[in-house]
Structure formats: C-alpha cells, structure tokens
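Take a look at the structure below.
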Amino acid sequence: MKKQSLLMKFYLIVVFLLMYLPIFYLILFAFNRGDYMTSFTGFSLRHFATMFADTRLMGILLNTFIIALLSSLVATLVGTFGALGIYLLKRRNLQNVFLGLNNILMVSPDVIIGASFLILFTMAGLALGFGSVLIAHIAFSIPIVVLLVLPKLNEMDSALIRAAQDLGARPYQVLSYVILPYIWTGIMAGFFMTITYSLDDFAVTFFVTGNGFTTLSVEIYARARQGIDLSINALSALMFLVSLVLVIIYYFIANHKQKGSGKHKRATVNQQLGGGVQ
Amino acid sequence: MKSKQSIPYMVPYVLWIVLFVILPLLLMLIQSLQDIHQQWTLANYANFFRSGTYLKMTFNSIFYAFLVTVITLSISYPMAYGLSRVKNSQFWLLLVILPTWVNLLLKAYAFIGLLSQTGTVNQFLGFIGIGPQQLLFTDTSFILVASYIELPFMILPIFNSLVEVNPSLPNAARDLGATPWQTLRRVIFPLTLGGVRAGVQAVFIPTLSLFMLTRLIGGNRVITLGTAIEEHFLITQNWGMGSTIGIILVVAMGITMYVTRDRKKRGKR
C-alpha cells in the first residue's frame, strides 16, 4: 500500500512537470539575451523593453483589455437578469427550455460560433471591427454568467423573498436589498470568469475581426505563423502574471462557498450539466 | 414575486437568445442549403457526401479526436484518482486549472519553440544520438499538443466525480475482501462513469473543431472539420460549403452528446 502511494506521487509529479514545462520554458526564454528559443545565452530584459516599445502591440493589448472589460460588464448585467428571469419562472419545463437554449453557445465549438456570427454580422450589414468583436464577446459571455449566477439563486431560501414582501418591500427593494446581496459572489465570479474568456478567445474573434482590428490572440497567431519572436515570450510572461492574479481573485470570490470549479466554459458547463436543474 | 414580474428582467436576455443563439444557427443552416446565387439546393450536401476528400477529412478528424480523447483519458484517470487522494487536493486541483488560464495561442507557440528543427527537444535527441528529427508539422506533433491542451478538461470532471464517491462504498468493498484493484475496477470506476463521460464530451468535440493548431503545429497536414470550416469561410469564401461542414459538425456534436449522455435516471431532488 505504501509503495503504491509512492508510485502515485511520482506519477502526479511527472504529469505536473509535463503540464508546466512548456509554460515555464516559454517564460524562461523571455529573459534570454539571444534571439532564439533554442539556447539560453544569458539573462537580459531587452525583450521586455522591445515589447513595451512596440506601440502597435501595446495598442492591441489595450484593445484586448477594453473588449474584455466592456463585454464582461454588459454580459454580467444581461446574464444576471436573465438568470433572475429563469429563476422566477415557476414552470419547470419552461426553465429547462431556457437552460437548454442557454447551453447551446456553451457546448458549440468556437468555429461554429465564429462562422455563424460572421454570417449574422454580414447579413445585418455590420462592419467588422471593434463593434463586431465586442458584440460577439458579449454574446458568448452571457451564458457563462447565467450558469454561475443561477445556482446562487437556487440555493437562496425563497422564504427570504416572501418575508421581505410581507414586510412591505417593493419589487425593486426585494431585488436590491435581498436578492442581489445574496447572489453577489456568483455575479462577481461570472464577471471575472467572462473577463478571462474574453482575454483567451481566439477562434470567435478570428472570424469576426475583419482587417483593421486585432486582439492579442489573433496577433500572436499572426506572429507565430512567421516564426519565433521573443517579445511574444515576454508578453506571455506578462500574461501569465495577469492570469495568476485573476485566478487568485476568482478563487477568493468563488471559494466562499463553491469549491474547485473549473475555469473553462467546458469545465463549467460540465459541472452545471452534471448538477442538472436543481 | 410572481411569474409575471420576471418578464421585464428577461427582455435583453430573450433578445440575446433569439439574436445570438437561434438566429445564427438558423442562418448557417439556410446558408448551407443555398448556392452562391442564393438558390435553394442540396448541392453542398451532395458534394460533401459524394466527394472522397470531404469524407476522408471527416473520418480523419474523428480519428484524431478519438486518439486525443483516449490519450487524455488514460493519463487523466490515474491523475484524477491520485489527486483525489492527496492532502490539500483543492490546492493541487488549482494547479491543474491554472494552465487552462494561459492563452491557448501561447501554449501552441511554446511548442513551436520546443519542437522546431533546432529546438530544445531536437537538441536533446541529438545529444542522445537519434536526432535531429522532423517533429513539428507532423501528425504526431498535432496529437501531442492537442492532448497537452485538452488534458485539464479531462482531469477536472473525473476528479469531481471521484470526490463525490461515497467513501463508505470502497471501504465496504475492502471489508468484503476486494483487492485495491478490484475495488477500483468494480466499485470506483463504475461510480465515476459520469465524470468520464463529461470529460470525453469536453475533449472530443473541441478537438474536432480545433483549427489554429492544425496550422501552427500540424503544418496543414492535419485537416480537422474546424480547419475546413475556417478555410471555406475566410480563405476560399465558399460560405455555403463552409456552413454545410458546420452543420455536419453540429450533428457530430449532437451524436457525441447523445452517445455519452447520462443514462441513469436522476434520483435527485
């Protein structure tokens, strides 16, 4: 028994090493003095200097964060009220219809979302660029918020609402003094989760971005196709730090109650689908 | 609050469902049923099923996705099992999740450096005397990198289902004289099938549609359904055919979800 657990520990360590090696490799070469990702010739910060001096890249970085923040804000608003609406529907099967529709975008492959949005925007005559990317990001973020807020609503004791009503609270008072404080952690988790989705997204953006506008993922794709450029490594070191901060924030919020839910929408949808409608 | 009051809340959300869930898919279906002059036709589908290249591509795509699923599953189950048993498993789980927060493109980019002709792996192979080899732009490199990227998505649901197993059940099995292996195979594994199914869904469907990996790592040698869609939409501008492949992908997704659905009736509530 003892020997087996030792073997298990060894296995865990090996898999963890494999998972992290490529990431640390990427970050390590950000500090390389040379220009290639092949041999480490000495420590230098010059690739960071190049990156920060690259105004185009910095502009793209700014765009990416603006899109992420704006889309999460709107998606959180719409998604929270959507979740409230679903929660307040008293007919179980109607709830399930909405949840089913909600989950379509969660399980659809990114290419399908991207391609179908491209058709939609073209038919609507919308110019591809900042606007189309923003709308697309809002659209794929909404179901994530719904899936994170709805469980909070479901675990709330409905007697709280009735009590508030009996005590004379108006609907908007019930909402702002009873419901919103209760589901606040879910809303914040949804907000941060959608930020990371938006920052990460490549496929959907790639389809609807057009020529003039670029986000980080699309830019990395374009540069990676041309070969190795160590300022990309510097950028990845920076982004890793950002992710780390977001992970910590997200876990502070989510770990209030829920434990270890996955970040990615696939992981989230798994859990939600696994849990079913409560 | 009564049901009626939920209506104003729902307006933007319902609008979203109509405009961005139902309408795009409908438009894609319509697009697939039309030729370039907007005439109704089944030609795209006929073309898809008659031409050997599309069918071969679909088969290849499914085969690669299957391989990636099998590889990630065989690495993930022991991993999840081990993780569910160590102390501070929530912390270790966080370490599994963290790589999924690293931008996908950056991970692919790391592998370009690792696997290139003069890359680190080839330097190592040269050092032990069997290199350099062509590693990048091969089928193997595509499978390797796709498995790497999908691994956490397989570990998470299996881990979650392992944690939910009532510990008294494996204990009972052990008391009744089952060996650890028997306990695992006869008791724990069947109880965690739900997690395995969820993991298969989470890995198989996205792998069918990965497209940037096929370009960056697979060097266009591997064509998945996703690559074909991207090509028809953004390069050859044949939206009708692209939509057709899209609809095929949606159907493939539906079949996958149906096959891996949870068969037992939920006794919840």
Worksheet item: Quick one: is A:Gly34 surrounded by 12 or more Cβ atoms within 10 Å (Cβ to Cβ) and at pLDDT below 85?
Response: yes
Worksheet entry | Positions within the stretch A:53-68 being surrounded by 15 or more Cβ atoms within 10 Å (Cβ to Cβ), of a type outside the set (Ser, Thr, Tyr) and under 28 Å from A:Phe191 (Cβ atoms), in sequence order | A:Leu57, A:Ile60, A:Leu61, A:Asn63, A:Phe65, A:Ile67, A:Ala68
Item to complete: Mind listing just one residue for me: the one in the stretch A:161-199 that is closer than 19 Å to A:Tyr87 by Cβ and charged (D, E, K, R) and, of those, farthest from the other protein chains (Cβ to nearest Cβ)?
Response: A:Arg170
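Yes/no per residue for (1) buried (at least 19 other Cβ atoms within 10 Å of the Cβ); (2) over 19 Å from the mean Cα position of the chain (by Cα):
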{"position": "A:Pro171", "(1), (2)": "no, yes"}
{"position": "A:Trp184", "(1), (2)": "no, no"}
{"position": "A:Gly190", "(1), (2)": "yes, no"}
{"position": "A:Ala203", "(1), (2)": "yes, no"}
{"position": "A:Phe207", "(1), (2)": "yes, no"}
{"position": "A:Ala224", "(1), (2)": "yes, yes"}
{"position": "A:Gly227", "(1), (2)": "no, yes"}
{"position": "A:Ser236", "(1), (2)": "yes, no"}
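Pick from A:Leu6, A:Leu57, A:Leu26, A:Leu69: which is more than 10 Å from chain B (Cβ to nearest Cβ), under 30 Å from B:Leu93 (Cβ atoms) and in contact (Cβ under 8 Å) with a residue 40 or more places away in the chain?
Being more than 10 Å from chain B (Cβ to nearest Cβ), under 30 Å from B:Leu93 (Cβ atoms) and in contact (Cβ under 8 Å) with a residue 40 or more places away in the chain holds for just one of A:Leu6, A:Leu57, A:Leu26, A:Leu69, which is A:Leu69.
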Practice prompt. Could you tell me whether B:Ile158 is in contact with a Gly (Cβ under 6 Å, 6 or more places away or on another chain), assigned to a helix (DSSP H, G or I) and touching a residue at least 24 places away in the same chain (Cβ under 8 Å)?
Written response: yes
Worksheet item: If you check B:Ala80, B:Ala110, which single one turns out to be closer than 26 Å to B:Ile188 by Cα, surrounded by 21 or more Cβ atoms within 10 Å (Cβ to Cβ), over 17 Å from the mean Cα position of the chain (by Cα) and not aromatic (Phe, Trp, Tyr)?
Response: B:Ala80
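Yes or no, residue by residue, for (1) farther than 30 Å from A:Asp157 by Cβ; (2) at pLDDT 90 or above; (3) more than 8 Å from chain A (Cβ to nearest Cβ); (4) part of a helix (DSSP H, G or I):
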position	(1), (2), (3), (4)
B:Pro24	yes, yes, no, yes
B:Leu29	yes, yes, yes, yes
B:Ala80	yes, yes, yes, yes
B:Leu114	yes, no, no, yes
Response to the item:
Per the list (1) loosely packed, with under 13 Cβ neighbours inside 10 Å; (2) in contact with a Ser or Thr (Cβ under 9 Å, 6 or more places away or on another chain), residue check on B:Pro24 breaks on (1)
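Condition test on B:Thr69, is it surrounded by 22 or more Cβ atoms within 10 Å (Cβ to Cβ) and more than 30 Å from A:Val242 (Cβ to Cβ)?
When the stated conditions are applied, B:Thr69 passes them.
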Practice prompt. State yes or no: is B:Gln39 more than 9 Å from chain A (Cβ to nearest Cβ) and closer than 28 Å to A:Ala124 by Cβ?
Written response: yes
Worksheet entry | Long-range neighbours under 6 Å by Cβ, at least six apart or interchain, first residue at positive phi within the stretch A:116-137, second surrounded by 15 or more Cβ atoms within 10 Å (Cβ to Cβ) and outside any helix (DSSP H, G or I) | A:Gly129/A:Gly210; A:Gly129/A:Phe213
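The values are calculated or read from the model by the stated rules, or taken from the named source; none is laboratory data. What you see is a predicted model, and the numbers here were worked out from it, not measured in a lab. Backbone-built Cβ (ideal geometry, glycine too); neighbour counts: all protein chains shown.
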